[in-house]
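Asks: Dropping a structure here in structure tokens format, bear with me for questions.
The values are calculated or read from the model by the stated rules, or taken from the named source; none is laboratory data. Treat the numbers as computed from the prediction; the structure is a model and nothing was measured. All Cβ positions, glycine included, derive from the backbone under ideal geometry; neighbour counts span all protein chains shown.
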Amino acid sequence: MGLFDSLKSRPMIFTSAFATAGLLCAFLKDQMQGEKFKDPIKATDKRIVITGTTSGIGKETARELAKREARVYMACRDMKKCEQIRDDIILESANKHVHCIECDLSSMDSIRKFVKEYKERENRLDILINNAGVMRCPHTLTKDGFEMQLGVNHMGHFLLTNLLLDLITKSAPSRIINVSSAAHLRGKINAEDINSEKSYDSAEAYNQSKLANIMFTRELARKLTGTGVTVNAVNPGLVDTEITRHMGVFKSLSGMIFRPLTWPFLKTPKSGAQTTIMAALEPRLANKSGLYYSNCTKDQVSEEAKNKSVSDWLWTVSEKWTGLDGSSDQKKK
């Protein structure tokens, strides 16, 4: 082959290589999506509250449950965005029973107002999905003085769940689903500095909050034994959502290279929502409680998550800081 022929063939070689790489990436992406909840079971007329539905997993969960004819209540901080997404879901699902109620999980007052409004509208709650979360954010405090990840991921949902527990119990058989993470496997409850006042590491604080989700799940399940209410935790997997917005590698210039490389390994939000939907609707889980699911399958929690004395301590602190113990000694800034 002459030099001219060689030069002419190179674009074809490069095109073929890129096409092959693209097909391989697409194949890998498909393989990484995990198990799907394939049961077409309906959720007709079930009252369902979902936190954090303006993006990612929460939005896809709300969309799917609306399609399954549930009465969906989207508990969101950004009401303008919530209303826009609500309109889209109603249009797509042909289900007019999709509602928005403001709920800022970084504010105990906002959570209490949400519960008050919900109880004025409804006298039952079949499924509560504690989905909202923040991840590896800079050190900031909630309106009540909690470290943001501990405050939103754990304390906010702890208060919300307990304030709705009378309706949930009244509506039994009913379910509570807490969205946790495999990050709990690396988590420890820092009893000496749970609020990160002495030092702050965003990854450690996130892991701690996800471990707190598991401990809350297990402890609440024990307390609700025999009531007909089940409490389970789920791990959605590594999902491509806005929750990674605070992670430096996705914000930096290197993220322009890093993100395309990680794309094939990330679940879509729709895939990430599958285990949550399974935990909410799977008939075989009607009497299963205190468990942890990943990829629509029962999974193991860390040994730290099984520490009953730490779980008891965390529950007591959570009750005190959220004012559920009857005291006014909430954590202050």
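Asks: Within the stretch 138-160, which residues are under 14 Å from the mean Cα position of the chain (by Cα) and β-branched (Val, Ile, Thr)?
Replies: 152
Asks: Is it the case that residue 177 is of a type in the set (A, V, I, L, M) and closer than 14 Å to residue 311 by Cα?
Replies: Details: of a type in the set (A, V, I, L, M): yes; closer than 14 Å to residue 311 by Cα: no.
Here the answer is no, as residue 177 does not meet what is asked.
Asks: Please tell me if residue 192 is in a loop (DSSP other than H, G, I, E, B), more than 20 Å from residue 52 (Cα to Cα), free of Cβ contacts under 8 Å to residues at least 24 places away in the same chain and among the acidic types (Asp, Glu). Outline the logic, then answer.
Replies: Working: in a loop (DSSP other than H, G, I, E, B): yes; more than 20 Å from residue 52 (Cα to Cα): yes; free of Cβ contacts under 8 Å to residues at least 24 places away in the same chain: yes; among the acidic types (Asp, Glu): yes.
Against the criterion (in a loop (DSSP other than H, G, I, E, B), more than 20 Å from residue 52 (Cα to Cα), free of Cβ contacts under 8 Å to residues at least 24 places away in the same chain and among the acidic types (Asp, Glu)), residue 192 qualifies.
Asks: While we're looking at this one, here's another question. Within the stretch 56-85, how many residues turn out to be buried (at least 17 other Cβ atoms within 10 Å of the Cβ) and within 24 Å of residue 278 (Cβ to Cβ)?
Replies: Residues that pass the stated criteria total 20.
Asks: Give the residue, chosen from 195, 207, 178, that is more than 30 Å from residue 124 (Cβ to Cβ), modelled with pLDDT of 95 or more and touching a strand residue (DSSP E or B) at 6+ places or on another chain (Cβ under 6 Å).
Replies: Numbers: 207 fails: touching a strand residue (DSSP E or B) at 6+ places or on another chain (Cβ under 6 Å); 178 fails: more than 30 Å from residue 124 (Cβ to Cβ).
Exactly one of 195, 207, 178 is more than 30 Å from residue 124 (Cβ to Cβ), modelled with pLDDT of 95 or more and touching a strand residue (DSSP E or B) at 6+ places or on another chain (Cβ under 6 Å), namely 195.
Asks: Identify all residues within the stretch 115-125 that are part of a loop (DSSP other than H, G, I, E, B) and surrounded by fewer than 21 Cβ atoms within 10 Å (Cβ to Cβ); write none if there are none.
Replies: 122, 123, 124
Asks: So for the stretch 302-323 (the condition being small (Gly, Ala, Ser) and touching a strand residue (DSSP E or B) at 6+ places or on another chain (Cβ under 9 Å)), does at least one residue qualify? Steps first, answer last, please.
Replies: From the stretch 302-323, those small (Gly, Ala, Ser) are 302, 305, 309, 311, 318, 323; that's our starting set.
In the following step, the residues that additionally are touching a strand residue (DSSP E or B) at 6+ places or on another chain (Cβ under 9 Å) were identified as 305.
Within the stretch 302-323 (the criterion being small (Gly, Ala, Ser) and touching a strand residue (DSSP E or B) at 6+ places or on another chain (Cβ under 9 Å)), the answer is yes, since at least one residue qualifies.
Asks: Does at least one position in the stretch 97-106 carry a residue that is at pLDDT 95 or above, within 30 Å of residue 295 (Cβ to Cβ), surrounded by fewer than 24 Cβ atoms within 10 Å (Cβ to Cβ) and of a type in the set (Asp, Glu)?
Replies: no
Asks: Can I ask one more? Quick test for you: out of 34, 56, pick the one residue that is at pLDDT below 95, of a type outside the set (A, V, I, L, M, F, W, C) and in contact with a Lys or Arg (Cβ under 7 Å, 6 or more places away or on another chain).
Replies: 34
Asks: In the stretch 183-202, how many residues are surrounded by fewer than 17 Cβ atoms within 10 Å (Cβ to Cβ), in contact with a helix residue (DSSP H, G or I) (Cβ under 8 Å, 6 or more places away or on another chain) and small (Gly, Ala, Ser)?
Replies: Result for the stretch 183-202: 1.
Asks: Then there's this: List pairs: first in the stretch 279-298 and within 16 Å of residue 214 (Cα to Cα), second of a type in the set (Lys, Arg) and surrounded by fewer than 18 Cβ atoms within 10 Å (Cβ to Cβ), Cβ under 7 Å, 6+ apart or cross-chain?
Replies: 290/222; 291/298
Asks: Can you work out which of the residues in the stretch 126-138 that are aliphatic (A, V, I, L, M) and closer than 20 Å to residue 172 by Cβ is surrounded by the fewest Cβ atoms within 10 Å (Cβ to Cβ)?
Replies: Out of the qualifying residues, it is 127.
Asks: Residue check: is residue 104 closer than 20 Å to residue 153 by Cβ and part of a loop (DSSP other than H, G, I, E, B)?
Replies: Yes, satisfied.
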